[in-house]
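The values are calculated or read from the model by the stated rules, or taken from the named source; none is laboratory data. Being a predicted model, the structure only gives us computed values, none of them experimental. Counting neighbours? That spans all protein chains shown, and the Cβs are built from the backbone with ideal geometry, glycine included.
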Amino acid sequence: MMRENNKRAAKIILWIVLIFVAIIQLFPLIWLVDFSLGSSNEMFTNGLLIIPRKIRWDNYVKAFVDGNFLHYLRNSVLINTLAVILVVVISIMAAFACVRMRWKLSGLVSTMLVMGMMIPIHATLLPNYKIYNMLHLTDTIWALLIPYVAFSLPQGMFLMTGFIQSVPKELEEAAVMDGCGIYRIVFQIVTPLLKPSIATVAIMTFLNNWNEFMMASTYLSTPAWKTLPFSVLEFTGEYSSNYAVQFAVMALTAAPAVIVYIILNKHITKGVAMGAIKG
């Protein structure tokens, strides 16, 4: 009886802690939406949150129309979609090559790829800018697509490696006996078994790159390929005194990533957990 009470008390404490942490995590977003629906003058009132005297949907209309939102949204969706596809495909191929194929440098190559997770983005900004400038890649889609893929690959490789190690080798041996080539084995035999890992890598790549700003502000100077996070900075300058519109822009920018996470967070948790167990 005492043990059951202790377990129940531990669960209650755990739930209280988790709810407290969730509130802390969600409060900035709640605050952002709250003040984006009011007027700029109401921002300076007392209290952490406000009840707008009048809900100002026109803040979102200004953010959507005047901020050229659809143009920046198109760029973000296109660049992130291409990055996700490339990261998933290259991660599968690289992980399979390092796990299944017997060659002398497989361990070294795998280690070097995974070590990419420890390289800070800031350390690569200036060297990459000079290289892109020499190759005339600045202000093009490649200026963002190349580093987005490069910085997402180590994480994708790490997750894919654990899953591929769990795939029975007998399946691949049977496919070889039936006359399947290496690409058919990878993409028709192994890849369908990696759905949880593919979903995890795709979602995490999307979320990590969606809100990226440092590389976008370094490699892009024209509006042709600017993404949503960059549009926030431009709106700040245009509406420097209209804080409510700025908050509306930030809320619109964050909304797609939040929606994707809410819908697919189960896949992230399941994929990471299964990858850790199997790896």
Residue check, Leu228 in the same structural domain as Ser76 (by TED's automatic domain parsing) and surrounded by fewer than 20 Cβ atoms within 10 Å (Cβ to Cβ): no
Note on region 167-210: residues surrounded by 15 or more Cβ atoms within 10 Å (Cβ to Cβ) and polar (S, T, N, Q) are Thr191, Ser197, Thr200, Thr205, Asn208, Asn209
Hey, can you tell me all the residues within region 9-40 that are exposed (fewer than 15 other Cβ atoms within 10 Å of the Cβ) and touching a Leu at 6+ places or on another chain (Cβ under 9 Å)? Phe27, Ile30, Trp31
Being among the small types (Gly, Ala, Ser) and more than 30 Å from Met160 (Cα to Cα) narrows it down to one residue among Ser106, Ser91, Ser76, Ser40; which is it? Ser40
Check whether at least one residue in region 49-61 is part of a helix (DSSP H, G or I) and hydrophobic (A, V, I, L, M, F, W, C), and report yes or no. yes
Unmet criterion (only one of (1) out of contact with any helix residue (DSSP H, G or I) (no Cβ under 6 Å at 6 or more places or on another chain); (2) within 23 Å of Asn211 (Cβ to Cβ); (3) part of a loop (DSSP other than H, G, I, E, B)) for Thr138: (1)
Please specify each residue of region 188-223 satisfying the condition of being without any contact (Cβ under 8 Å) to a residue 40 or more places away in the chain and part of a helix (DSSP H, G or I). Gln188, Ile189, Pro192, Leu193, Lys195, Ser217
Going through region 62-96 one residue at a time, which ones are surrounded by fewer than 14 Cβ atoms within 10 Å (Cβ to Cβ) and modelled with pLDDT under 85? Val65, Asp66
All-but-one check, Phe64 against (1) in contact (Cβ under 8 Å) with a residue 60 or more places away in the chain; (2) under 21 Å from the mean Cα position of the chain (by Cα), failing number (2)
